[in-house]
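No value in this document is a laboratory result; all are computed from the given coordinates. If you're wondering where the values come from, they're calculated on a predicted model, not measured in any experiment. Quick reminder, even Gly has a Cβ in these numbers, built from the backbone with ideal geometry, and neighbours come from all protein chains shown.
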Amino acid sequence: MTSFGENYASRAIDETARINRRTRAGEKSGRVIMVTGRGGTGKSTFTALASRYLSPPRLLCDIDPDQSLGAMLGIDIAQAQILTEAGRELPVKTLSELTGNIIDEDALLELGGGDLGVKLPLLFQWYSVYKSAPFDLISLGPRWTEGDYRAANLLFEFVIPAIGKNYAHILIDSPAGLEHLNRRVVGRVEDLCIVVDPSAKSLQHIERVKKITRQVGIRYENLYIIGNHEFDDTAIALFQNSGGKFLGKMDFDPKVKEYNLHNKSLWLLPDASPASVSVREILKAAGLLPKD
């Protein structure tokens, strides 16, 4: 396998990404909402349920290599198919798979001449976007090495600038931890949502998120804190002074576990279920849904 930066394709991608960062950084897109937090706090559960209630059209971006978001939406990306512009039915590629193909097989050369800033977004759009009536989904995929966020960077350097204006909301489910923030895979979000459990580690995590985003230059309009189902009144009072706006807690819902076990989309949860009701209240507190 040819390593990144050692052939024409990788150098071309790198240079075009640099140009895109400078020339397309200010382009308008839908409202970008990034969900982050420590592992096991319920990030993907919140992302899946929130996506149900945000106004369409919606683009969901799963940059967690575990691909939890697709599973919670009842989608097996490995088995999903797309219909190409030429009418061929092909498997959906994750961004990591497609990037690997471009670099390792010099697929860019097969695209002919022209501006890579135009061709690359089209390539990602044609082969990596799972389309459905309620939402579109792009998945980063598991084929990356520790500390390697190139494919995630391409999502924000090529795909969102090219097609982000087509969506009202762009919702990003992040991997656990802070590395994706350290690598600055996204430069600007409207709403940075940290899902937390009631622990001292989560309080420390919030402080680390604020410090890292400040140091690497990630800009956001709102920092929101969302408690998971383990929160009680004592924890809520403590986290209300954690440096972000505490929006509320997700209520415990046994059906979430049941649906995950049977690969059922969380969109199928009843509107009156505890998880659905609590997530709607959280979105209202953020101003993302109208209040009753």
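Taken one residue at a time, the phi angles of region 276-292 give Karplus couplings (6.51, -1.76, 1.60, θ = phi - 60°) of 4, 4, 5, 5, 4, 5, 5, 5, 5, 4, 7, x, 8, 9, x, 7, 5 Hz. Gly and Pro are set to x. Computed from the Cβ-Cβ distance with R0 of 30 Å, the FRET efficiency linking L238 to E258 stands at 0.45. Taking 24 Å as the straight-line reach from the Cα of K131, the lysines in range (excluding those fewer than 8 positions away in the same chain) are K28, K43, K93, K119, K165, K264. Here the convex hull built on the C-alpha positions of region 162-292 has a volume of 145 cubic angstrom per residue. Here the spin labels are modelled as points 7 Å beyond Cα on the Cα-Cβ line, and at A168 and A80 they lie 2.1 nm apart. For the peptides 199-211, 277-289, the ranking by mean Cβ contacts within 10 Å, running from highest to lowest, is 277-289, 199-211.
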